[in-house]
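What follows is a single structure, written as structure tokens, with notes after it.
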Amino acid sequence: MDDNRPTIRRQLTRIVLIPGVSFLVLWGAMAAVETYQAGSLLLSVTQARDGISVFDRLAGDLRTERRLTQIHLGAPDDAQVRRELEAQRERTDASADRAHDFASGLDPGPQGGPLPGTRAFAPESDRLSGLRSTADGDDADRGVTLTAYSDLIEETTEATNVLLRPLEQGASLPEAAQAGRLATAHEQFARSDALLAGSIAAGGMDYNETAHFTYLTASYRDILSDTSDEMSGRTRERHAELTAAGAWKTAERLSRSVVTRPPVAEGTGDRQAAWNSEIDVGAQEWDQAATASVPALGRVVSAQLDRTVDTAWNAAVRRLAVGAAGGVLTLAAGLTAILAANRSSRRLTTRLRRLRDDALSLAGSKLPALTARARAGRSVDVSAELPRLDYGGDELGQVADAFNTAQRTAVGAAVKEAEIRRGANRVFLGIAYRNQTIVQRQLRVLDEIEADEEDPRALRRLFTLDHLATRARRYADNLIILGGAGSARRWREPLPLADVLRGAITETEDYERVRLTSAPRARLSGAAVADVVHLLAELIENATQFSPAGSPVHVNCGRVNGGVAVEVEDRGLGLTDQGYAEAARVLSEPPEFDVMALPEEPRLGLFVVARLAARHGVAVRLRPSPYGGTSATAVLPDRLLEWAPAAPEAPQTLVEHPAGAGDMRGERDGRG
């Protein structure tokens, strides 16, 4: 059985699997993309959380260093401030190294370079060191230094924004925007703190510094006022703590006093009116208020950043969960559909297999049995004896109904054919029996004439006529055998095998050419004599007809394992390989004789030999002869033979001649 041949079940499974698997693959691809995006978002959230912490610390150290630098520039002779500044610079350098290490572990930026905002803090960059050198110079300017430090702090803010950018999607987008605005307010407040601290140390604030301070304080107040209503959760709590703290209120009061002081100092005496640079704010009071308020506002920003990161993290986790749940549900649904389709296809193929088995059972056993009964002449009721296949009313049931119709038509045709064949056989048998009766009467008349005739010349003519009548009787027997009946001739007693061989030779046309060279001392069962004589006569006549005129045909007989082998050998043209194969097929499986199926040149003798051999278990084989003709061997089984009780003697050496025909004359009349 070929396991690779296409089946209906495989085709049904393929019909379901192809779209099902395609859908699963498509959904798998979409789920993989969604999972990848969610995973990327989770990675971005993790990087943002770690990076924000690193850069927020760096920004805080830069703000502290910026404030101390402003105080140092305002009071360069203050040794305590100088020591604090040197210590803070070391802390800032450590934070910058950590920021650089963190940025080095990230993937390259959009332009293939490092994370934006971190280049200034690389070891090979001299931007921070150059700024410090400038600030330590004698001609350092507090405004320029403030702007330079603020630009560095903006670099850290840019790095933070780059880390937050992948999080700006969905629910985290407004949270990230809120965090950016609060970070701006924080930086503006810290910058105003550094500006005011430097001015206090310097003993005054000029016009430009006052304008800058005014802008910074107004900006962070506007941002905090605009975002206060949008705050929620921990951010709102931290903002409430900030605005309720005394330090924040003090810082707000002092900063407002700086902004609202009289802009012009009135002239006295020789002094003319000029810009009012005096600040009515003490250094200690401002330090206490500002150093507490800057971290408090930073905590508000941190709370908002944490909220942004948490919102993005939860969104990524939800995307992963939804993708995983959708993938599991889709896989379950796909598998359920595939299993359901497989079950349906299995049920359908089971019904098809049952239909096939039932059909094969009918075709292999029931139909041949009914046909055999019809050919045997027994009555057959097709409707009653042929079972009906019932498989419901669907398409499969319609196929079964069509098969029912086809098999009833086939059986009806077979029964009709058997009836016609039986009628033809009866006609053949009737003609053959009548012909045989006439031939038998001719032979009896010839026997009477031969017994009374003494003229040798007349006797030879009578013998020739006798021989022709014997052949005619054999031809009539052919019709009887092909019709399925047995020969009318019978022998009650066993007959010597040599006489059987002579009798077969005498029933052929060119019996003078046949040479019987040997025959064992055995007797053939009387019930088989007529059929064996007929079988051997057909083989011998076939050898004489298909060999050159005048060439001898040798008949050899000897004992073999299981019986006696009679070999008929001629020196004709022989058969082709296809002819030998066809003859072997006919002899091994005697076909049903059908006049309509015969070839243009029918060899009825081969049919007759096959029928007679099958009747008595005689094995007949045709093969090429070493002399160029055909050698036919017929093996008579032991059950048809009787051997003498004494030890077997050497086979007789015989030479056939016409006079030998008289040895079986009595038996062939049926009187033996």
Being open to solvent by less than 30 Å² (accessible area, probe 1.4 Å) and either more than 23 Å from Ser199 (Cα to Cα) or among the charged types (D, E, K, R) (or both), is that true of even one residue in region 249-259?
yes
Restricting attention to region 552-575, the residues that are modelled with pLDDT of 85 or more and under 22 Å from Gly629 (Cβ atoms) number exactly 14
* To do: Taking Arg98 as the residue in question, decide whether it is modelled with pLDDT under 90, within 32 Å of the chain's Cα centre (by Cα) and either on the phi < 0 side of the Ramachandran plot or among the hydrophobic types (A, V, I, L, M, F, W, C) (or both).
  => no
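Here are Ala159, Ala140, Ala148, Ala120: which of them is touching a Ser or Thr at 6+ places or on another chain (Cβ under 7 Å) and part of a helix (DSSP H, G or I)?
Being touching a Ser or Thr at 6+ places or on another chain (Cβ under 7 Å) and part of a helix (DSSP H, G or I) holds for just one of Ala159, Ala140, Ala148, Ala120, which is Ala159.
Quick grid of which residues meet (1) assigned to a helix (DSSP H, G or I); (2) at pLDDT 80 or above; (3) in contact with a helix residue (DSSP H, G or I) (Cβ under 6 Å, 6 or more places away or on another chain):
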site	(1), (2), (3)
Val309	yes, yes, yes
Ala312	yes, no, yes
Ala316	yes, no, yes
Arg319	yes, no, yes
Gly323	yes, no, yes
Gly326	yes, no, no
Leu331	yes, no, no
Leu335	yes, no, no
Arg351	yes, no, yes
By residue number, the members of region 392-407 that are closer than 15 Å to Arg351 by Cα and either open to solvent by 50 Å² or more (accessible area, probe 1.4 Å) or within 31 Å of the chain's Cα centre (by Cα) (or both) are Gly393, Asp394, Glu395, Leu396, Gly397, Gln398, Val399, Asp401, Phe403
Note on region 36-60: residues within 19 Å of Val322 (Cα to Cα) and open to solvent by 60 Å² or more (accessible area, probe 1.4 Å) are Tyr36, Gln37, Leu43
All-but-one check, Met205 against (1) surrounded by fewer than 23 Cβ atoms within 10 Å (Cβ to Cβ); (2) not in a helix (DSSP H, G or I), failing number (1)
Among Leu320, Leu242, the single one that is open to solvent by less than 80 Å² (accessible area, probe 1.4 Å) and under 30 Å from Ala38 (Cβ atoms) is Leu320
Given (1) open to solvent by 30 Å² or more (accessible area, probe 1.4 Å); (2) of a type outside the set (Gly, Ala, Ser); (3) farther than 23 Å from Val309 by Cα, Phe213 misses just (1)
Taking region 334-349 and keeping residues open to solvent by less than 60 Å² (accessible area, probe 1.4 Å) and without any contact (Cβ under 8 Å) to a residue 12 or more places away in the chain leaves Ala340
request  = Can you confirm whether region 61-73 contains a residue that is open to solvent by 40 Å² or more (accessible area, probe 1.4 Å) and within 19 Å of Ser129 (Cβ to Cβ)?
outcome  = yes
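Listed here are the residues, each with its yes/no results for (1) small (Gly, Ala, Ser); (2) farther than 28 Å from His212 by Cα; (3) touching a strand residue (DSSP E or B) at 6+ places or on another chain (Cβ under 8 Å).
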site	(1), (2), (3)
Pro263	no, no, yes
Ile279	no, no, no
Ala283	yes, no, no
Asp287	no, no, no
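The values are calculated or read from the model by the stated rules, or taken from the named source; none is laboratory data. On a predicted model such as this, the values are computed, not experimentally measured, just so you know. So basically every Cβ, Gly included, is an ideal-geometry build from the backbone, and we count neighbours across all protein chains shown. All accessible areas refer to the heavy atoms of the entire protein, side chains included, with ligands and DNA or RNA removed. Shrake-Rupley method; radii C 1.70, N 1.55, O 1.52, S 1.80 Å.
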